[in-house]
Amino acid sequence: MPPPAFDTPLIFDTGQDGRANCYLPHGPQLDELLPREVLRDDLPLPDNSELDVVRHFTRLSHKTFGIDTVFYPLGSCTMKYNPRINDAMANLPALRDLHPFAPDHAAQGALAVMWELERALASLFGMAAFSLNPAAGAHAELTALLIAKAYFAKRGESRRNVVIVPDTAHGTNPASAAMVGFRVISLKSDARGRVDPAALAAVAGPDTAVCMMTNPNTLGLFEDRIAEVSDVIHAAGALMYYDGANANALMGNTRPGDMGFDLMHLNLHKTFSIPHGGGGAGAGPVGVAEALVGFLPTPVVRAYEANGTPAAADGWRESAGLRFALDFAAPDAIGTMRSFWSNFAHMVRALAYIYANGAEGLTLTSQLAVLNANYIRVGISDVVDIPYPEINRHEFVASAQSLKRDTGVRALDLGKALLDHGYHAPTVYFPLIVPECLMIEPTETESKETLDAFIAAFREIVAAARIDPQSALGTPRTTPVGRIDETRAARQPDLRWQPPSRTGE
Amino acid sequence: MLQAVGVASLDELVRVPEALALRTPIAVTPQLSESEIAERFARFAARTTAGGYTSFLGAGAYRHYIPPVVGALAMRGEFLTAYTPYQAEVSQGYLQATYEWQSYITLLTGLDVANASVYDGATALAEAVIMAVNASGRKAVLVSRAVHPNYRAVLRTYAEGLELAVDELAYRADGRTDTASLDAALADQRYAAVVVQTPNMFGVIDPLAAAESARAAANGAVVIGVVAEALSLAALATPASWGARICVGEAQSFGNAVAYGGPHVGFIAAGSEHLRRMPGRLVGKSVDGEGRLAYVLTLQAREQHIRREKATSNICTNQAHCALCATIYLAAMGKTGLRDCAALNIARTRELRAAVTALDGFSARFAAPVFNEVAIRVPGRASDVLRALEDRAILGGLDLGRFYPELGDTLLMAATELTTGADIARLVGALAEVETRAAARI
Amino acid sequence: MAQPAGLLYSKEHEWVKLDGDVATVGITDYAQASLGDIVYVELPRLGATLEQFGSIGVVESVKAVSDIFTPVGGEVIAINDAIEADPALVNREPYDGGWFYKVKLGDVSQSAELMSPEQYDRLISQT
């Protein structure tokens, strides 16, 4: 991590009158065009020269980790390399500048992209159809729960308002359930870290709407009894929902649709290499089984042969020669989840990624993701606790519980110490059922050299902590700032720049 | 590596129970080299013929000049490939940029606090309504029909899940929201919020009067202002100044491509009384152990990863990269550039309106002042006029009849700083032919 | 810290001080230590009627949020404004300056549902 050469004052503090850039031609002034009453009094924003803007944001970039500079073993996030070809395709002017209200006949290429992607995802994950509408994973969960709610309402089963969620579930799961008026029952995982069908059967019943799970689960373990779990839920008349956060573990190998899942979402910004961009924008397609297809949000992309008959396709097929239209008319659709049709630029990226891989590449992707995770597990298993010492999938959990007991050094401290070694910390304190939890997911795009270096650094940090706990407790030391007073940030919220107060107001 | 892990092969490593193994091969694309991918997408682009048309489309997604400095900075790998700034020590760049975005949004809206962004304008409105509902416990909301139809549709989808009633306020003949019935509607105190959009779906500048907002607040309803064209905030009286206590909208106009509808970037700003109900991420200022100034995600206890089912919202990602593009755009344009840009938008739209309404049979549908869009009444059906324009490689605007059955003869046309005199002349020439043929048929 | 005598306790880690039919409520030392630095407390409104064991407010720390389940029901007759300005008071003086609210008990017998200091001590030593 290169040390920052300069402090970076706020862009508001560096602006000055007379520094405006010249991006547009001169024209009339606002007060020549509109009456005073509708105009604002002033606009207290800074004018900065382009050079100052460039220096400002370039320096900010120097104080920011990215996959492009460091390894991110963040469990549950799938921080794989973001191929640049994807961005270049998203930036093709005809696709980049296309207006959502452009007529279908002038948007055929864009509609073809969406359709090809949707067909590929349907086959890859064993679903009858996907909607590309939702903007993110959590948004997709909400969408799926609304679909479930509508489905049961149509069957006269609106009494179904319970969502069963394993205690290892991602935080968005119960939050999404609450937004739909469902209440959540948390199911304790068994001693093997999995969902026990018998325990599930005891809580599933006539008021159960959905069971939300992921497979492999957030402990990185494959739910081998998932078929029984699905049977229990279906026998209770409820639906199975697959949280796709861990989809990187199973492509080309097994499919949620074949495990009995009726609904699912994907995180394109995890499995399909869309850049995380500092926390968004993501994209969260929602997939459903046949019985739920009518409830998908609008619009849906319809494909037609040259002669006008609907084009059939079980999975991906060549779109040249087909014609496409947006269909807004689905009578059972839950509605729409966002202003327009999809995070289209990300659909371009995801399709380009699938083209770069094909079936063979996606299969190998998942295999290598699993190999890399197991390799790290084995490499550190003698220096931290491994609560589930078995073959894991694309991620695994470790615990710093013994280290904490012996030295006072916790998972949080190990994470901070890794920052000094030029690694992003793993996910910590999730899932909640493992104390002092570290969740590690290397992804398939990291080389053996990187993994070996990470393992060595991790072992070094633990060894140093056992000799002198302060070596870990005082970290990070080489980053632009050290540990931050979060209490102060929350007790005295300072969330914005304030213009200097004007006299006489 | 396989040896270290203790398995003989990759297949053994990823084995699943027999019943779950794939029965048929997955049907995805062929595997292509990068140059072949480029060629394939060039064909997708070529099949997207709208790229070669002259466009007057707005209606919630706007064509603006994005200085290349925005892409040059935003596409730096550190910004593009960073994760959410949970490890603040190595994310100061993004955290400061987000603090600056929050600041820009508060300055533009006149309100006290803004979050780190949400998915888009429509979902921002849904989240704002949820905030208002949580503030008052009331389960109904009053929304102007002049609010963008897609925003109202998303609100209805969310409202269905939360069992909220959504009632509508009509619009007047001049294109503004009909507030005559507002006091009566609010009198029985069942509404959690009153929602208006300005400029509204017809381009018309349409805030509530400050007195109307005050009366709504006195009745316990939160006034929510919606802004679909964020550029207007650079010119028009702030939502805070006319009484909105929550302002939401779409910031795509700031430095983000139209991209067939996404990703865009929604913003939420609010009075300080709503801070703890604010969904999504918030960046705050603090210090580290050495007293150095530092930025950090704060008030996270409200968020899903901690509160789970009690969270203020389920939202997890924000639109960090899109908000970054917007922030860089606002920094580069500055107050001078933004005001000049807004003025050009108004001026070009004036020219457009004057040129088009000079033709027989074409008139301005609404009398009230507009920002950068204008609703034009056409001879015959708007959809027919649009088709005729498409034959001449012109996207004439939005057929408002698509969302407002009573406006089937009205086109919503936008003009921005990128609209040239030549564009308008081409449009007028094409419309003149349409008009001639329509007249000939009579 | 041994549990202060003279108080009653709930299994949600609140304490109750009874004075005739007026009860003062706060959270225990165990609760404030578990939560960490408290940043905000959402108290019930003055005059609100609370039902025993209902969820009536929230205690927010930097990393966690806890619902307040009122150990007794009744009408809220006082709330502690001091903790709005200084939430850290709850960490520093959980039993004194960091009290949350006072209720006029609707049903004095509700206190029988609460724990003695010894019973609460046993509860937290098992956790």
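The values are calculated or read from the model by the stated rules, or taken from the named source; none is laboratory data. Keep in mind it's a predicted model, so treat the numbers as computed, not measured. With ideal geometry, Cβ positions are generated from the backbone for all residues, glycine too; neighbour counts draw on all protein chains shown.
Tabulated data
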| quantity | calculated |
| --- | --- |
| Options B:A257, B:A269: the member that is under 30 Å from C:K63 (Cα atoms), among the hydrophobic types (A, V, I, L, M, F, W, C) and either part of a strand (DSSP E or B) or within 8 Å of chain A (Cβ to nearest Cβ) (or both) | B:A269 |
| Residue in region C:14-28 that is nearest to the other protein chains (Cβ to nearest Cβ), counting only those that are out of contact with any Lys or Arg (no Cβ under 9 Å at 6 or more places or on another chain) and surrounded by 20 or more Cβ atoms within 10 Å (Cβ to Cβ) | C:I27 |
| Residue among B:V194, B:V147 that alone is within 20 Å of B:A269 (Cβ to Cβ), in contact with a strand residue (DSSP E or B) (Cβ under 6 Å, 6 or more places away or on another chain), in a loop (DSSP other than H, G, I, E, B) and not assigned by TED's automatic domain parsing to the domain that holds B:P405 | B:V147 |
| Residue within region A:160-172 that is part of a helix (DSSP H, G or I) and either touching a residue at least 12 places away in the same chain (Cβ under 8 Å) or under 30 Å from A:R96 (Cα atoms) (or both) present | yes |
| Residue match in region A:450-470 (condition: outside any helix (DSSP H, G or I), more than 26 Å from B:P85 (Cβ to Cβ) and more than 12 Å from every other protein chain (Cβ to nearest Cβ)) | yes |
| Test for A:L60: is it closer than 30 Å to B:E351 by Cα, within 8 Å of chain B (Cβ to nearest Cβ) and of a type in the set (A, V, I, L, M, F, W, C) | no |
| Single condition A:E486 does not satisfy, out of (1) within 14 Å of chain C (Cβ to nearest Cβ); (2) over 26 Å from the mean Cα position of the chain (by Cα) | (2) |
| Residue ranges of helices (runs of 4 or more DSSP H) in region C:25-124 with at least 3 members over 20 Å from C:P4 (Cα atoms) | C:82-85 |
| Set C:Y40, C:Y120: member being crowded, with 19+ Cβ neighbours inside 10 Å, touching a residue at least 60 places away in the same chain (Cβ under 8 Å) and of a type in the set (F, W, Y) | C:Y120 |
| Considering residues of region B:49-95 that are among the polar types (S, T, N, Q) and under 24 Å from A:R338 (Cα atoms) only, the residue nearest to the other protein chains (Cβ to nearest Cβ) | B:T84 |
| Residue in region A:69-82 that is facing another protein chain (nearest Cβ under 7 Å) and within 30 Å of A:D13 (Cα to Cα) present | yes |
| C:V76 being crowded, with 17+ Cβ neighbours inside 10 Å, more than 12 Å from the chain's Cα centre (by Cα) and within 14 Å of chain B (Cβ to nearest Cβ) | no |
| Candidates A:A120, A:A112, A:A107 - the one that is over 24 Å from the mean Cα position of the chain (by Cα), at pLDDT 95 or above and under 16 Å from A:Y353 (Cα atoms) | A:A112 |
| Residues of region A:37-57 satisfying the condition of being part of a helix (DSSP H, G or I) and either within 7 Å of another protein chain (Cβ to nearest Cβ) or in contact (Cβ under 8 Å) with a residue 12 or more places away in the chain (or both) | A:V38, A:E50, A:D52, A:V53, A:V54, A:H56, A:F57 |
| Single condition A:E360 does not satisfy, out of (1) at the interface with chain B (Cβ under 9 Å from one of its Cβ atoms); (2) buried (at least 16 other Cβ atoms within 10 Å of the Cβ); (3) more than 26 Å from B:R402 (Cα to Cα); (4) at pLDDT 95 or above | (2) |
| Any hit, region B:318-333, residues being surrounded by 21 or more Cβ atoms within 10 Å (Cβ to Cβ) and modelled with pLDDT under 95 | yes |
| Selection within region A:192-221 - touching a strand residue (DSSP E or B) at 6+ places or on another chain (Cβ under 6 Å), of a type outside the set (A, V, I, L, M) and over 21 Å from A:L266 (Cα atoms) | A:D207, A:T208 |
| Single residue of B:V428, B:V356, B:V385, B:V374 found to be among the hydrophobic types (A, V, I, L, M, F, W, C) and part of a strand (DSSP E or B) | B:V374 |
| Some residue of region B:64-85 being over 22 Å from A:G280 (Cα atoms) and in contact with a Leu (Cβ under 6 Å, 6 or more places away or on another chain) | yes |
| All positions within region A:103-127 that are within 20 Å of B:L57 (Cβ to Cβ) and in a loop (DSSP other than H, G, I, E, B) | A:P103, A:A107 |
| Some residue of region A:256-270 being of a type in the set (A, V, I, L, M, F, W, C) and within 8 Å of chain B (Cβ to nearest Cβ) | yes |
| Flag for B:I26 being facing chain A (nearest Cβ under 7 Å) and assigned to a loop (DSSP other than H, G, I, E, B) | yes |
